[in-house]
Structures are given as C-alpha cells and as structure tokens.
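K.L.:
Could you have a look at this structure, given as structure tokens, before my questions?
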Amino acid sequence: MRCVANSPRGGGHGWQLILADLALILFLLTLSALPAAEAETGQRLADSKARAQDAQPRIDAEIAASQALFRPVAEGPSLGQWLQSQPRDPRATLTIFVTHTQGGEAAAWQRAQVLADEARASGTKVRAIITAGSDSDVYASLAYDAVAGRGSI
C-alpha cells in the first residue's frame with residue numbers, strides 16, 4: 001500500500017506554491033507604494049531646489065570646446081594681434097577666464113576689462129568669467145559658444 005500524501009507525484013501543492021504567493025504579494029505591495037514615495041521625494045527635491053535658487057541665483061555658462069586658446073606671455077602677441085591671426089567666423093565667441101586669489105577681485109576685473117576692450121575692438125563677441133581660486137590666472141578661449149549674453153562685459 002502506498003501513501004499518496006508523501007508522494008512527490010501526489011496532489012499536494014507544497015511549500016513552494018505558498019512561498020511564491022507570498023513573494024508575489026510582497027512585490028505587489030512594494031510596487032503600489034512606489035508612486036507615493038516618488039511623489040514625496042520629488043516634492044522634497046523640488047522644494048530644496050527652489051530654496052537653493054532663491055538663496056543664490058546662478059548663471060550657467062555654456063562653453064564649447066576651444067578652437068584656439070590665448071595666454072598672455074611676455075614678448076608674445078597681444079590679444080588683438082592673436083585674434084587677427086585666427087580665422088574669422090561670426091559664430092565664434094571669445095571667453096576670457098580670469099581666476100583671482102582672495103583680495104584680487106579688483107585686479108581681476110581690470111584685467112578682464114582690458115582684454116575684453118581689446119577683443120571688442122577687433123570685432124569679436126566677448127564675455128568674461130571671473131572666479132576665485134588658489135592662483136591668479138588669465139586666458140581666453142575662442143569657441144562656437146552660445147551667443148554672449150548675461151554676464152558679458
């Protein structure tokens with residue numbers, strides 16, 4: 001006489017089916033909670049972004065890869081001479097980058113203004129980006145950037 005209940009081919013569903021049902025229920029509960037969690041996280045992100053934008057307005061510069069770079073060096077060409085040697089393209093913008101150390105803000109603005117005036121005299125669109133840094137530095141990048149707008153001098 002054989003016992004059907006303990007037989008592997010018997011009609012019993014076994015613990016595997018119960019475990020699969022529990023896993024499916026857990027998956028569905030987790031899935032149903034996702035939209036609420038995303039909405040709450042999204043609202044917190046939006047609130048923090050709004051506070052950050054209110055606290056400090058920021059201008060993002062769109063700077064393309066350079067066609068050419070200029071660095072003022074002793075006995076080298078001036079910016080105007082250098083621009084005359086570059087191919088003329090009305091789409092190109094010259095971006096002047098000036099980095100200053102603490103207390104060097106006024107000198108950085110003056111260096112940027114002198115170079116910007118020289119570039120404008122040659123007919124080139126120009127903008128300047130002045131930032132604080134550990135070293136003082138100045139260079140210019142000629143590139144196909146977005147049209148010089150806010151922040152230009």
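The values are calculated or read from the model by the stated rules, or taken from the named source; none is laboratory data. Keep in mind that what you see is a predicted model, and the values were worked out from it rather than measured. Because the Cβ atoms are built from the backbone with ideal geometry, glycine has one as well, and the counts that use them run over all protein chains shown.
K.L.:
Being in contact with a helix residue (DSSP H, G or I) (Cβ under 6 Å, 6 or more places away or on another chain), over 21 Å from Ala65 (Cβ atoms) and in a strand (DSSP E or B) is the filter here; which residues of the stretch 109-139 pass it?
P.N.:
Answer for the stretch 109-139, where residues must be in contact with a helix residue (DSSP H, G or I) (Cβ under 6 Å, 6 or more places away or on another chain), over 21 Å from Ala65 (Cβ atoms) and in a strand (DSSP E or B): just Ile130.
Matching residues to (1) at pLDDT 90 or above; (2) surrounded by 19 or more Cβ atoms within 10 Å (Cβ to Cβ):
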residue: Thr99; (1), (2): yes, no
residue: Glu105; (1), (2): yes, no
residue: Trp109; (1), (2): yes, no
residue: Ala112; (1), (2): yes, yes
residue: Asp117; (1), (2): yes, no
residue: Gly123; (1), (2): no, no
residue: Thr131; (1), (2): yes, no
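K.L.:
Here's a follow-up. Of all the residues that make up the stretch 70-108, how many are under 22 Å from the mean Cα position of the chain (by Cα), part of a strand (DSSP E or B) and not polar (S, T, N, Q)?
P.N.:
4
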